[in-house]
Amino acid sequence: MSLKSTGRRMVATGVLIIALCATSSVAAFAAPVVLDDESFRGSSTAADAWLYGGSNTAPCLTAGTGATPVTSLPSCGIGEAPGDGILRLTESNSQASYVILNTPIDTTRGLEISFDMFQYGGGFDPGDGMALMFIDGAVTPTSSGATGAGLGYASIGSTPGIAGGYAAIAFDTYGAFSAVGVGSGGAPNQANSIVVRGSEATNYQYITRVAASGSLSSGTSWDRELARRPVVVNISRLGIMSVAIDYGSGFVTELTGIDLTTINGEGSMPESLKLGFTASTGGATNWHGVQDFTVTTLAPDLAIGLAPGSIDPGTLQGSMSMTVSNDAAAGSTNDTVTLTSTLPAGITALSATGTGWSCATVGQLVTCTRAGTGADRLHAGESYPNVTMNLAASSVAVLPVTITASVSIADDADAANNSAAGELTLGAALADTGANSVGWGLVLALLMTVAGVVAIRARRVSVPISE
């Protein structure tokens, strides 16, 4: 468990390492990497970090001021103290607004998305709800989806949904996000439920729904702190999603086993996704807000291995191979992978090659790199093609010798296994048809000739003389 500070209390949040790899004893070494961390508590957000828009309203920072820069999410103008603010999405009826993190995120490394949500001030029949959205990383929405039951994500009738929508997890206070009239259809209304809908390509199809284990809204209370609901969404490296909510007595897992790679059809999941929030009201009203948004992923854990190599005694040349692998409990690579070997005295590199690798040799230094991103990502439990170093020895006297190599990448989870060693030895003398082996072959022939002469003389000496 990790502890997440909410400013007024500490809330235990599930750690991605445990959620994704509970059966692996190695998982504890797979360190999380923070991809984004925005509290929304202050008077501004990072420049141009968020896309935003709305219908009849706009998202805003409650601690924003007149000095909030135009590259930030805007100020609400209500003067809340910096450090106590939230991102407000709605504050009246018939509104919808959204914010989207303007950085596509690779989900194949596994994600933990945590945030605190607030739904309050709506009375006994609050509307409508809010949602965490997953948007195609290649798409930039410019307007909300339908207000009211659409929660600013889905379509209703001729009103389109949000562009590029891939999936949304709705915290549906009013209960209409799952309704038959939303998107391509659904189920009867169910208030205080958690609902998943699919992509724009499927007309925001209804996926599933569960009744919330506690109240998603604080009802008639205007005490925002009573409405705080910490949420943790885990997505495994295989795209399996779970959702947990803390209603005040610890986290309750509400949804599990949602396969994001197949909910909209096989092969439909984009290479990257943008994360965002949306909220909406219709005839009923509610205030909706977000605080302490954090996205983490698992780091890769690369290791290197060297196979034993040998030097031909006739040519004083040989080879050695190296293999880079990623631990089965780690995240995928998403940065340049670099392999290096500094050879000992008496050994020089002639060349180095490997499929997908770009290698250079300068004297005793071998350096190989590869992208490590996109189609070249190395996923958990996989290995890259071997790198073969072609080597030369100055003489047989320098053998055997130990060869070392290392691999590096930004945010590696465990540096202890980034280096390895292998033995380079003198190989057995073998006949060869190559030009370089002619001298060695003549030596062997000469030795055989000398041996034959010695044998003949020995036989002559051993013949007895008759009397």
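Bear in mind these aren't lab numbers, they're just calculated from the coordinates by the rules spelled out. Note that the coordinates shown come from a computational prediction; the quantities given were computed from them, not determined experimentally. Note that each Cβ is placed from the backbone with ideal geometry, even for glycine, and that neighbours are counted across all protein chains shown.
What is segment 237-377 by shape, rounded, prolate or oblate, if you read a ≥ b ≥ c off the alpha carbon gyration tensor as root eigenvalues and call it rounded for a/c under 1.5, prolate for a/b larger than b/c, and oblate otherwise? Let's see the in-between values first.
On the way: a/c = 3.47, a/b = 3.31, b/c = 1.05.
Prolate.
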Checklist entry - What nm distance separates the two modelled labels at Asn56 and Thr262, each placed 7 Å from Cα along Cα→Cβ? => result 4.1
Checklist entry - Lys/Arg Cβ at +1, Asp/Glu Cβ at -1, dipole of the chain taken about the Cα centre: which of Ser332, Thr159, Leu216 is farthest positive-ward? => result Ser332
Checklist entry - Taking Cα centroids, how far is segment 78-108 from segment 224-278 in Å? => result 18
Checklist entry - To the nearest 0.05, how large is the calculated FRET efficiency for Ala191 and Glu271 if R₀ is 25 Å and r is the Cβ-Cβ distance? => result 0.10
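Taking the Cα centre as origin and putting +1 on Lys and Arg beta-carbons and -1 on Asp and Glu beta-carbons, what dipole magnitude results for the chain, to the nearest 20 debye? Before the final figure, lay out the partial values.
Working: 18 positive and 35 negative charges, 144 e Å.
Once rounded to the nearest 20, the dipole reads 700 debye.
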Checklist outcome for this item: In degrees, nearest 10, the alpha-carbon axis of helix 438-461 is tilted away from the dominant principal axis of the alpha carbons of the chain by 40
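So between Thr402 and Ser215, what do we pick up on full extension, going 0.36 nm a residue minus the alpha carbon distance? It would help to have the intermediate numbers written out before the result.
Details: separation 187, 0.36 × 187 = 67.32 nm, distance 6.47 nm.
Using 0.36 nm per residue and subtracting the Cα-Cα distance, I get 60.8 nm.
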Item to check | Cβ-based charge dipole, the chain, positive-most Cα from Val362, Tyr120, Pro69 | outcome: Val362
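For Cα pairs less than 8 Å apart in space and 6+ apart in sequence, what is the mean separation divided by the residue count of the chain, i.e. the relative contact order in percent? Don't skip to the answer; put the middle values down first.
Working: 1310 pairs, mean separation 76.5, N = 467.
The value is 16 percent.
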Checklist entry - Alpha carbon centre of segment 115-158 versus segment 36-73: separation in Å? => result 18
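Students often check this: by mean Cβ neighbours within 10 Å, which of 147-154, 225-232, 132-139, 106-113 ranks highest, and how do the rest follow? Could the numbers behind the result be given before it?
On the way: 147-154: 30.5, 225-232: 20.4, 132-139: 22.0, 106-113: 23.8.
With the highest mean Cβ count within 10 Å placed first, the list reads 147-154, 106-113, 132-139, 225-232.
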Checklist entry - Which length gain, in nm to one decimal place, applies between Ala428 and Thr71 when the Cα-Cα distance is subtracted from 0.36 nm times their residue separation? => result 121.6 nm
Checklist outcome for this item: Once both label points are put 7 Å beyond Cα along the C-beta direction, the Ile78-Val362 separation in nm becomes 6.0
Item to check | Using a Förster distance of 22 Å, the FRET efficiency for Asp125-Thr159 (Cβ separation, nearest 0.05) | outcome: 0.45
Item to check | Inter-site label distance for Asn203 and Ser143 at 7 Å from Cα along Cβ, in nm | outcome: 1.9
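Of all the C-alpha pairs in the chain, what % are more than 43 Å from each other? Show your work: numbers first, answer last.
Values: 38189 of 108811 pairs.
Looking at the chain, the distances longer than 43 Å represent 35 percent of pairs.
How much length is gained if the chain between Trp222 and Ser321 is pulled fully straight, taking 0.36 nm per residue apart and subtracting their Cα-Cα distance, in nm to one decimal?
Length difference between fully extended and current span is 29.0 nm.
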Checklist entry - Expressed as a rounded percentage, what relative contact order does segment 91-247 have, with Cα pairs under 8 Å and six or more residues apart? => result 27
Checklist entry - With the contact rule set at Cα under 8 Å and sequence spacing of 6 or more, what percent relative contact order holds for segment 202-292? => result 18
